[in-house]
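Every number here is computed from the coordinates shown, using simple stated rules; none is lab data. Remember, it's a predicted structure, so these values are computed and weren't measured experimentally. For neighbour counting, all protein chains shown are included, and Cβ atoms are generated from backbone atoms with ideal geometry for every residue, glycine included.
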Amino acid sequence: MDEKNIIRKCAACSALKPRSELIKITLNKSCGEVRVMPGSDFFGRSVYLCRNIDCVNAAFKKNKIFRILKIKIQETLEEKIRAVLEK
């Protein structure tokens, strides 16, 4: 399957976009590690956000990322996502 044709929904604004245009945040349940923009070898529960600051702020304001991933709030996760936005 062509990666450009894979559509995902932003957790903050519910916009449908190609996966390549979104930030992927994945939780590996076996080790409890959360990664932002993981490679294809990292599997687990995932959440997607648009690559804009408004969606990131909305997702953290409503704790959507933590609810979808079913984890406790992590202060460092927001910093990791903002670092990806700045690239």
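Things to note:
- Taking label positions 7 Å along the Cα-Cβ direction at both K17 and R67, the computed distance is 2.1 nm, reported to one decimal.
- Computed over the chain with a Gaussian network model linking Cα atoms closer than 10 Å, the most mobile of L16, L77, L27 is L16.
- Relative intensity, log₁₀ I(q)/I(0), of the chain from a Debye sum that treats every alpha carbon as a point, q = 0.13, 0.20, 0.25 Å⁻¹: -0.38, -0.93, -1.45
- Potential extension, N52-R35 segment - 0.36 nm per residue separation minus Cα distance: 4.3 nm
- Helical mean residue ellipticity (222 nm; -39500 (n - 2.57) per DSSP H run of 4+; nearest 500) of the chain: -9000 deg cm²/dmol
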